[in-house]
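Everything on this sheet refers to the single structure shown next.
We did not get these values from a lab; they are worked out from the coordinates using the rules stated. This structure is a prediction, so every number in the text was calculated from the model and none was measured. Cβ placement follows ideal geometry from the backbone for every residue including glycine, while neighbour counts extend to all protein chains displayed.
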């Protein structure tokens, strides 16, 4: 049960970080040698590498956040994550593999909230002295379509 609670806590803290717009903290949820992907379900199921976003290593995550804050011009919006209970696939002394459904709602300041992205997280987490961290996180979204573009992490 402690693995389940640890995964649940990690997911809660991760979603809270993104929902508050504290993007500078986002890379801290990952190991140094990590992988983060946002990929359509069709490509994932067909084992095709094409991804909407594919970042390798914490340095690339930091670059993404710098881009979001300093160089990308976009219409700002809020995100709200709704995350299901995790399904632990495998747990070992070294880490945990789990899948979790997610739903992201986007709200622009002058518009109604809208369903933005729906799918599942496919996670490989590593046990560290600081607690669980993502070794890899694949955000596999169900639709082939993305409304506008993905600016913030999912």
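Overview of results
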quantity	calculated
Single residue of the stretch 134-154 satisfying the filter (surrounded by fewer than 18 Cβ atoms within 10 Å (Cβ to Cβ) and under 16 Å from the mean Cα position of the chain (by Cα)) that is farthest from residue 50 (Cα to Cα)	151
Matching residues, the stretch 40-59, being within 14 Å of the chain's Cα centre (by Cα) and either without any contact (Cβ under 8 Å) to a residue 24 or more places away in the chain or on the phi > 0 side of the Ramachandran plot (or both)	51, 54, 55, 56
Filter result for residue 87 (touching a strand residue (DSSP E or B) at 6+ places or on another chain (Cβ under 7 Å) and loosely packed, with under 15 Cβ neighbours inside 10 Å)	yes
Residues satisfying the stated conditions in the stretch 67-81, i.e. free of Cβ contacts under 8 Å to residues at least 60 places away in the same chain and in a strand (DSSP E or B)	78
Exclusive hit being touching a residue at least 60 places away in the same chain (Cβ under 8 Å) and in a helix (DSSP H, G or I), set 37, 64	64
Scan of the stretch 1-13 for residues that are touching a helix residue (DSSP H, G or I) at 6+ places or on another chain (Cβ under 8 Å) and without any contact (Cβ under 8 Å) to a residue 40 or more places away in the chain, ordered by number	13
Candidate set: the stretch 1-15, residues that are surrounded by 17 or more Cβ atoms within 10 Å (Cβ to Cβ) and under 14 Å from the mean Cα position of the chain (by Cα); chosen: the one farthest from residue 132 (Cα to Cα)	15
Tabulated pairs, the stretch 127-139, first at positive phi and touching a residue at least 40 places away in the same chain (Cβ under 8 Å), second outside any strand (DSSP E or B) and surrounded by 16 or more Cβ atoms within 10 Å (Cβ to Cβ), C-beta under 8 angstrom, 6+ apart or interchain	131/6; 131/10
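Each row is one residue, and each column tells you yes or no for (1) touching a residue at least 12 places away in the same chain (Cβ under 8 Å); (2) more than 18 Å from residue 44 (Cβ to Cβ).
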| position | (1), (2) |
| --- | --- |
| 90 | no, yes |
| 93 | yes, yes |
| 97 | yes, no |
| 108 | yes, yes |
| 113 | yes, yes |
| 121 | yes, no |
| 154 | yes, no |
